[in-house]
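Sharing a structure below in structure tokens format, with a few things to ask.
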Amino acid sequence: MKEQLNQLSAYEPGLSPRALKEKYGIEGELFKLASNENLYGPSPKVKEAIKDHLDELYYYPETGSPLLKQAISKHLNVAPSRILFGAGLDEVILMISRAVLTPGDTIVTSEATFGQYYHNAIVEAANVVQVPLKDGGFDLEGIINSIDNDTKLVWLCNPNNPTGTYFSHEDLEDFMARVPSHVPVIIDEAYFEFVTAEDFPDTLAIQQQYDNAFLLRTFSKAYGLAGLRVGYVVASEQAITKWNIIRPPFNVTRLSEYAAVAALEDQDYLHEVTQKNSEQRQRFYDIPQSKHFLPSQTNFIFVKTDRVNDLYEALLNVGCITRPFPTGVRITIGFEEQNDKMLDVLRHFNY
Ligand SMILES: Cc1ncc(COP(=O)(O)O)c(C=O)c1O
């Protein structure tokens, strides 16, 4: 076994609603608001697409998801040769790490960001530099200053999970102008569709200038397909050709591909969902206690508190399962009814 696996443990999901009910003696329904899933679910057209292809289950998928590649290519106006799919971004992150990192290399990222950048770097026996957050968000200046000759990958998450914070187009442009051109910068925009900030980066435009800027997007969040596992990277043709060697031949399932095409085609539904999310998100920032919340551009909010366990349990007591972190609790924005309950707790909590 690789020695470095001793530094890691397998992913541990939080307790299931059933286990939580038992542990805390809770009666009534519990809502899972811990993993930033889209509670509205996917477009109804997704179910139709899946039903239409149920007779094809015995076939392997078409390698490389060509139909979905065409659809994304048209949607983003990028050449199909610059797109590569994974079974969720989790697999894309794994493939990039596996393709790029050798023992002793370094990745640079932020502290308090998506854990899979770290996890996959350690598996490849790479070193990880985690730059502390600045004002609750990515410290791009600190990240630039941490890049050295050993740096083989830089991971940015925008908006960031778990903080919900973002950096602007101007910030990213300035950053890319200063990163050495041989260092790949991976920009994970898993929550892109929920963003409303007008100065959010146009990362595709930035890619036209910088071959080392790579973009990640997923169908797991706003498109509501977390259970089907589809994510992708948009990168230079040269990088995609190499990473495609790592990709397991049939990684995205047949049904996942059809489902993602149908979800992408229904932009009206996507707009409806993201609009509802923005309205519900605003309700949290309308209360005076929002001074304890980091500003979010996503479908979740990071609530800062020293009393993490107490807040987690108070939210659980009103039926909402959230996700505790060392410096606060991350809540996924729910339906109006669940948000009413969480807002009531947040209004009265002693932070
Ligand atoms: C920032 C970020 N990147 C990637 C992922 C993984 O997404 P996927 O479901 O596409 O594997 C997540 C999931 O929570 C995420 O928050």
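Is it fair to say ASP55 is open to solvent by 50 Å² or more (accessible area, probe 1.4 Å), in a helix (DSSP H, G or I) and without any contact (Cβ under 8 Å) to a residue 40 or more places away in the chain?
yes
If you don't mind, there's one more thing I want to ask. Which ones in region 89-129 are open to solvent by 10 Å² or more (accessible area, probe 1.4 Å), touching a residue at least 40 places away in the same chain (Cβ under 8 Å) and within 21 Å of PHE175 (Cα to Cα)?
THR106, ALA112, THR113, PHE114
Right, something else. Please enumerate the residues belonging to region 285-322 that are crowded, with 19+ Cβ neighbours inside 10 Å and in a strand (DSSP E or B).
PHE293, PHE300, ILE301, PHE302, VAL303, CYS320, ILE321
Given the criteria of a type outside the set (A, V, I, L, M) and within 16 Å of the ligand (Cβ to nearest atom), does THR196 qualify?
Answer is no for this residue.
Would you tally the residues in region 58-70 being without any contact (Cβ under 8 Å) to a residue 60 or more places away in the chain, surrounded by 12 or more Cβ atoms within 10 Å (Cβ to Cβ) and either farther than 23 Å from ALA222 by Cβ or within 22 Å of the chain's Cα centre (by Cα) (or both)? Break it down into steps so the answer makes sense when it comes.
Within region 58-70, the subset without any contact (Cβ under 8 Å) to a residue 60 or more places away in the chain is 58, 66, 69-70.
From what is left, the residues that are surrounded by 12 or more Cβ atoms within 10 Å (Cβ to Cβ) are 66, 69-70.
Those still in the list that are either farther than 23 Å from ALA222 by Cβ or within 22 Å of the chain's Cα centre (by Cα) (or both) too: 66, 69.
So the count comes out to 2.
For region 288-315, name all the residues that are farther than 19 Å from THR163 by Cβ and among the hydrophobic types (A, V, I, L, M, F, W, C).
ALA314, the sole residue that qualifies.
Keeping to region 211-252, report how many residues are more than 30 Å from LYS47 (Cα to Cα) and either near the ligand (Cβ under 10 Å from one of its atoms) or surrounded by fewer than 18 Cβ atoms within 10 Å (Cβ to Cβ) (or both).
Step one: list which residues in region 211-252 are more than 30 Å from LYS47 (Cα to Cα), which gives 211-214, 235-243, 245-246.
Checking which are either near the ligand (Cβ under 10 Å from one of its atoms) or surrounded by fewer than 18 Cβ atoms within 10 Å (Cβ to Cβ) (or both) leaves us with 211, 236-238, 241-242, 245-246.
The total comes to 8.
Find the residue count for region 268-284, including only residues that are closer than 16 Å to GLU336 by Cβ and open to solvent by less than 40 Å² (accessible area, probe 1.4 Å).
7
Could you tell me whether region 27-41 includes any residue that is assigned to a helix (DSSP H, G or I) and open to solvent by less than 70 Å² (accessible area, probe 1.4 Å)?
Checking region 27-41: not a single residue is assigned to a helix (DSSP H, G or I) and open to solvent by less than 70 Å² (accessible area, probe 1.4 Å).
Right, here's the next one. Could you please find all residues in region 77-88 being more than 16 Å from the ligand (Cβ to nearest atom) and either surrounded by 16 or more Cβ atoms within 10 Å (Cβ to Cβ) or free of Cβ contacts under 8 Å to residues at least 40 places away in the same chain (or both)?
Passing the criteria: VAL78, PRO80, ARG82.
The values are calculated or read from the model by the stated rules, or taken from the named source; none is laboratory data. Predicted model, so just to flag it, every value in this text is computed and none were measured. Cβ atoms come from the backbone with ideal geometry, glycine included; neighbour counts cover every protein chain shown. Areas reflect the complete protein model, heavy atoms only, side chains present, ligands, DNA and RNA absent. Shrake-Rupley method; radii C 1.70, N 1.55, O 1.52, S 1.80 Å.
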